[in-house]
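The values are calculated or read from the model by the stated rules, or taken from the named source; none is laboratory data. It should be emphasised that the depicted structure is a prediction, and the values quoted were computed from it without experimental measurement. Here the Cβ is made from the backbone with ideal geometry for all residues, glycine too, and neighbour counts use every protein chain on show. Side chains included, ligands, DNA and RNA excluded: accessible areas come from the protein's heavy atoms. Shrake-Rupley method; radii C 1.70, N 1.55, O 1.52, S 1.80 Å.
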Amino acid sequence: MRRGLVGAIAGAVLAVALGAAMVPFRPHLSIAAAATVFVLPVIAGVIIGGFAAGVVGVAAGFLVYDFLFLPPYYRLSVGSPRNWETLIVYALVMLLVARVVANLRSARAESNRRAAETLRLFELSELLVEDRSVEDLLKTIVRVVGNVFEVPGVALLVPEGDRLVIAASAGEALSREELRQLDPQSGIPVSLGTAGGAPDGMHTVALTAAGRPVGILALRGLPATPTDRALLGTFANNAALALERAQLREQALRSDLLEEVDRLRHALMGAVSHDLRTPLATMKVASSMLLDPPAPLSDADTRELHELIDLETDRLTRLVTSLLDMTRIDAGELKVRRSPVAVVELLEESVAALRSALGEHRVEVIVPDGLPEVDVDRLLIGQVLANLLDNAIRHSPPRSVISVAGACRDGRVAISISDQGAGVPVAERDAVFDRFVRFDTGGRAGLGLTIAKTFIEAHDERIWVEDAPGGGARFVFSLPTAASAAERG
């Protein structure tokens with residue numbers, strides 16, 4: 001509750017501060033550029049206080065944006081229907097940003113919680129699978145339950161003939177009356193499991209393996225928290241498997257699976273966090289310079305900072321698009337809708353879409369006359385080109401040339417994107433397209449290349465990377481010609 005309030009206040013204050021800082025530059029700002037800046041209070045509110053605080057940031061940005069940047073100024077009114085459209089689009093986009101950032105925040109917290117529980121369960125399970133005698137294993141079980149779960153008294157009873165006998169105990173010894181209560185012939189009810197019953201009363205947890213009873217844990221009292229109670233139940237199951245010995249291998253495989261799921265969860269969060277960190281840091285620096293410049297900023301400096309914030313916002317948008325694309329891929333909802341398209345149109349559209357991200361890079365589009373049309377899904381291949389161009393921009397030196405070319409190869413059209421960067425080592429060229437791969441050398445792997453490979457393979461084609469002439473990397477993918485598709489059809 002306190003964090004939510006702090007986040008809401010931070011988002012509102014930041015929205016007001018950003019609006020006040022931009023007022024002197026209002027004549028030089030477009031309505032869209034001013035709106036873009038107000039993504040910062042939304043992100044700040046969500047990071048500090050969650051989605052509700054982000055919504056407060058959206059509302060504060062909405063009011064400040066209307067009050068200061070939409071005519072008539074200094075009034076909470078809208079002068080034209082077009083400005084109403086602007087406000088509505090702003091609110092929808094900011095709410096989407098708040099939801100995405102809140103989901104990422106929640107996913108990280110859940111991942112950390114699951115990781116801690118998995119680690120604790122793994123540590124407890126390790127105590128059971130070590131090579132030791134049955135007598136030592138029984139003592140270990142009761143000692144762990146007593147010490148780790150802070151249960152005052154624990155006894156492990158195993159079947160011996162038609163009776164239950166105490167095989168090991170820890171803490172306060174069970175009284176004669178409590179032992180009689182555990183006798184099935186006594187007719188005295190006893191709480192079964194870790195839920196319900198008096199917290200300081202007698203409880204029993206059955207140990208079964210492969211449907212066969214192995215023993216019973218008798219507890220005087222229960223762990224303090226529901227999480228520990230649930231974990232105790234899991235530990236009891238592992239103890240039964242350890243005693244039975246027949247299912248130790250299955251338990252080890254289960255632990256490996258939990259570790260793999262957790263590794264993939266951490267890998268996803270690591271990949272998203274890595275891709276989010278750079279644009280957010282850049283936007284933070286630029287906005288801080290605008291808010292509190294160390295020296296007076298010229299109009300050119302101010303415009304450059306605004307353009308930088310706009311550029312990094314576009315980069316965040318592309319990241320969200322990539323995440324949505326991965327969701328479609330994982331859900332099996334990827335469909336290819338083919339149609340004949342001119343190669344030069346595909347290339348020029350993709351370059352134009354990333355014009356603001358090119359900066360000082362120069363792009364050469366090389367398409368020979370007479371290059372046949374390709375039979376592709378225009379949207380999917382457009383996303384492939386955008387991802388490969390973005391990869392080339394991020395790994396090319398400033399003022400270098402990026403070449404985008406088309407050519408005929410073996411009855412297909414080959415599209416290549418070449419840069420003058422460091423290239424891709426031969427040992428990394430296959431793994432560079434794998435999801436969440438990070439190389440010690442920095443590398444080029446990421447969601448964008450994974451999505452590019454998936455979209456190309458959906459067309460039954462292939463993508464690869466090779467050395468570019470003169471140094472750098474050249475990513476190449478093949479596409480079917482419209483003529484060959486017509487013949488097959």
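What the table below lists for this structure:
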read-out: Filter pass, residue 355 being of a type in the set (Lys, Arg) and in contact with a Leu (Cβ under 8 Å, 6 or more places away or on another chain); value: no
read-out: Per-region count, the range 15-28, residues open to solvent by less than 40 Å² (accessible area, probe 1.4 Å) and farther than 13 Å from residue 73 by Cβ; value: 4
read-out: Condition met for residue 105 (charged (D, E, K, R), at pLDDT 75 or above and surrounded by 13 or more Cβ atoms within 10 Å (Cβ to Cβ)); value: yes
read-out: Qualifying position, being more than 19 Å from the chain's Cα centre (by Cα) and in contact (Cβ under 8 Å) with a residue 60 or more places away in the chain, among 287, 298; value: 287
read-out: Number of the condition not met by residue 46 [criteria: (1) surrounded by 23 or more Cβ atoms within 10 Å (Cβ to Cβ); (2) modelled with pLDDT under 75]; value: (2)
read-out: Residues of the range 332-351 that turn out to be open to solvent by 60 Å² or more (accessible area, probe 1.4 Å) and farther than 19 Å from residue 369 by Cα, as a count; value: 5
read-out: Total residues in the range 293-317, condition over 22 Å from residue 352 (Cα atoms), in a helix (DSSP H, G or I) and open to solvent by 50 Å² or more (accessible area, probe 1.4 Å); value: 3
read-out: Selection within the range 135-163 - more than 40 Å from the chain's Cα centre (by Cα), modelled with pLDDT under 75 and buried (at least 19 other Cβ atoms within 10 Å of the Cβ); value: 137, 138
read-out: Selection within the range 49-87 - open to solvent by 70 Å² or more (accessible area, probe 1.4 Å) and more than 26 Å from residue 9 (Cβ to Cβ); value: 81, 82, 84, 85
read-out: Residue within the range 381-393 that is at pLDDT below 85 and out of contact with any His (no Cβ under 7 Å at 6 or more places or on another chain) present; value: no
read-out: Matching residues in the range 206-225 - criterion: being in contact with a Lys or Arg (Cβ under 7 Å, 6 or more places away or on another chain) and open to solvent by less than 20 Å² (accessible area, probe 1.4 Å); value: 223
read-out: Hey, residue 462 touching a Lys or Arg at 6+ places or on another chain (Cβ under 9 Å), modelled with pLDDT of 85 or more and surrounded by fewer than 20 Cβ atoms within 10 Å (Cβ to Cβ) or not; value: yes
read-out: Selected residue (only one of 396, 403, 350, 356 is closer than 21 Å to residue 470 by Cβ, within 27 Å of the chain's Cα centre (by Cα) and among the hydroxyl-bearing types (Ser, Thr, Tyr)); value: 396
read-out: Pair list, Cβ under 7 Å, 6 or more apart: the range 24-36 residue among the basic types (Lys, Arg), other residue surrounded by 16 or more Cβ atoms within 10 Å (Cβ to Cβ); value: 26/69
read-out: Every residue from the range 325-362 that is under 18 Å from residue 414 (Cβ atoms) and not charged (D, E, K, R); value: 340, 341, 342, 343, 344, 346, 347, 350, 351
read-out: Residues satisfying the stated conditions in the range 26-41, i.e. under 10 Å from residue 69 (Cβ atoms) and either of a type in the set (S, T, N, Q) or in contact with a strand residue (DSSP E or B) (Cβ under 6 Å, 6 or more places away or on another chain) (or both); value: 30
read-out: Hits in the range 319-341 (condition: within 22 Å of residue 99 (Cα to Cα) and either out of contact with any Gly (no Cβ under 8 Å at 6 or more places or on another chain) or at pLDDT 80 or above (or both)); value: 319, 320, 321, 323, 324, 325, 326, 327, 328, 329, 330, 331
read-out: The range 402-427 - residue that is part of a strand (DSSP E or B) and open to solvent by 60 Å² or more (accessible area, probe 1.4 Å) and, of those, nearest to residue 367 (Cα to Cα); value: 408
read-out: Of residues in the range 365-395 being among the hydrophobic types (A, V, I, L, M, F, W, C) and farther than 17 Å from residue 456 by Cα, the one least open to solvent (accessible area, probe 1.4 Å); value: 392
read-out: Pair list, Cβ < 8 Å and 6+ apart or interchain, from the range 1-22 residues that are touching a residue at least 24 places away in the same chain (Cβ under 8 Å) and of a type outside the set (Val, Ile, Thr) to residues that are surrounded by fewer than 22 Cβ atoms within 10 Å (Cβ to Cβ) and not in a helix (DSSP H, G or I); value: 3/50; 4/50; 7/50; 22/29
read-out: Which numbered condition residue 9 misses (of (1) open to solvent by less than 30 Å² (accessible area, probe 1.4 Å); (2) at pLDDT 80 or above); value: (1)
